[in-house]
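Note sheet for the following structure.
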Amino acid sequence: MLLSQVCFAYDEQSAGEYGGGGHIAWPKVPEKPFFPPRKPAPYLTPEQTDDQYDIDQYRSNGYEPQTDTYAYEMPRGSMLSVILLDNLTTESALEGQPVLASVAQDMYVGQSLVLSRQDRVMGQVVRVDKPIEGRNAILEIHFYQLQLANGPVLPIDAVVDTGQSYPYWGGQLTKGTELKVVPYHIYQIGSYGRAMYRGPREKGIHIKIPPGERLVLTMQQPVKLYGF
């Protein structure tokens, strides 16, 4: 197919009126979708846990998502800062226990607010190991839903960046309970005594994460966010 057949339309009526080649009707360029700005949300504290009240407040302002197109896609590996709303400790946590957090700050793409501090992130405890002799406790949580303040629920797959090479807290080995001098020898220097903890290891400690703690989530799959 010729380019002229795709891009141009010949106006025969104007060709007769003006005596010659007529007008070329250029095709209209589709308008870019516009997302009206949404008011920033007030800062969320751990005590504000009335989800339905927050959702109703946003709906009362007339904010609804533009579901025909999305404003931004969070790629795999991107990070999201959240604030924990629950009290977590290996002393009482159970596998499968729900965990609730809030988005730590508003996120804009241009004029479009795609994440608000009133949006909630829901997850659950997936691993709890009590402390034992020689090892600290282990706590692991995953997040699986993003509840937007005006209603929509987006599925996510996110783990917590714990600052370690694995997505859980704890698990460190504890030191021995007896301080002993161990002989060491270095070539061309000689022997010397080095103090080290030996013998039975100490019992590990529990993990405690209070509400209000800031967590960083790492997305395991892309997430499409819609503008408001």
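For the stretch 92-108, a residue qualifies if it is assigned to a strand (DSSP E or B) and surrounded by 15 or more Cβ atoms within 10 Å (Cβ to Cβ), and the qualifying residues are Val99, Leu100, Ala101, Ser102, Val103, Met107, Tyr108.
Once the stretch 155-170 is narrowed to residues that are of a type in the set (A, V, I, L, M, F, W, C) and closer than 14 Å to Gln220 by Cβ, the residue that is surrounded by the fewest Cβ atoms within 10 Å (Cβ to Cβ) is Val159. Number of residues in the stretch 118-144 that are within 18 Å of Met74 (Cβ to Cβ) and loosely packed, with under 15 Cβ neighbours inside 10 Å equals 1.
No lab work stands behind these numbers, since they all come straight from the coordinates. In this text, all values refer to a predicted model and were calculated from it rather than measured experimentally. A quick note on method: Cβ atoms are made from the backbone with ideal geometry, for glycine too, and the neighbour counts reach across all protein chains shown.
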